[in-house]
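Read-outs: derived from the displayed coordinates by stated rules, not from any lab. If you're wondering where the values come from, they're calculated on a predicted model, not measured in any experiment. All Cβ positions, glycine included, derive from the backbone under ideal geometry; neighbour counts span all protein chains shown.
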Amino acid sequence: GEYHQTPHRGLEGQTPMEHWALCGDQVRLPTAALNLDDAFLFEVKRRVQRDRTLSLNGTIFEVDAHLVGETVLLRFDPALAPSRGIEVWHKDAFVSLAKPVDVHANCFVRRNHSPQTTETAAPPSTPLALRNLPHSNKEPH
């Protein structure tokens, strides 16, 4: 066509065909192993909450428990439904596919809470031990 035969200012007056003839051998073509879909995924960072969840575009996802408190990289195709899952990467390694959380099931997951140490007196173990407890001098009304 006419386009390839017309000199271009961006090519310093060369035609696209002339430029290709001079530089075409420097073009690197993708290998068969390259997955172009992976090359164009969106990437965002998120911090994993204590309940093993994170949020992306208003959808809550659940991830592996060992990632709690960590910042992870999410890779996803925004054109696909979130139910298909999103890639979770941590420290440059693929971890898993995160799926939207089942909110009802998630409320029953055991959490690893920090133990709170409060000193409380142990209750008496037998009814006879109750007689040794200090009593108030106040009379009941």
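Mind checking segment 19-97 for chymotrypsin sites (Phe, Trp or Tyr not before Pro) that DSSP puts in a loop (not H, G, I, E or B) and that have at most 16 other Cβ atoms within 10 Å?
Filter output for segment 19-97: Phe40.
Report the net charge of residues surrounding Leu56, where surrounding means a beta-carbon distance below 14 angstrom and charges are Lys +1, Arg +1, Asp -1, Glu -1.
Numbers: positive: Lys45, Arg46, Arg47, Arg75, Arg84, Lys99; negative: Glu43, Glu62, Asp77, Glu87.
The answer is +2.
As a footprinting exposure proxy, order Thr53, Thr31 by other Cβ within 10 Å, with the fewest listed first.
Least crowded to most crowded, the residues run Thr31, Thr53.
Test of understanding: extend the Cα→C-beta vector of Arg50 to 7 Å, then name every residue of segment 61-79 with backbone N under 15 Å from that spot.
68-70
Hey, got a sec? Which GluC sites (Glu not before Pro) in segment 1-57 land in a DSSP loop and have at most 16 other Cβ atoms within 10 Å?
Loop-located and lightly packed - Glu2, Glu12.
Under the 0.36 nm per residue contour assumption, what length would be gained going from the current alpha-carbon distance of Leu80 and Ala105 to full extension?
Working: separation 25, 0.36 × 25 = 9.00 nm, distance 2.46 nm.
That pair, Leu80 and Ala105, stretches by 6.5 nm at full extension.
Using the Kirkwood formula over every pair of different C-alpha atoms, what hydrodynamic radius in Å results for segment 32-111?
That comes to 13.2 Å for segment 32-111.
Within 11 Å, Cβ to Cβ, of Phe42, how many net charges do the neighbouring residues add up to if Lys/Arg are +1 and Asp/Glu are -1?
Within the 11 Å Cβ shell, the charges total -2.
For the pair Trp89 and Leu73, how long in nm is the line joining their label points, each one 7 Å along Cα→Cβ?
Reported label-point gap for Trp89 and Leu73 is 0.3 nm.
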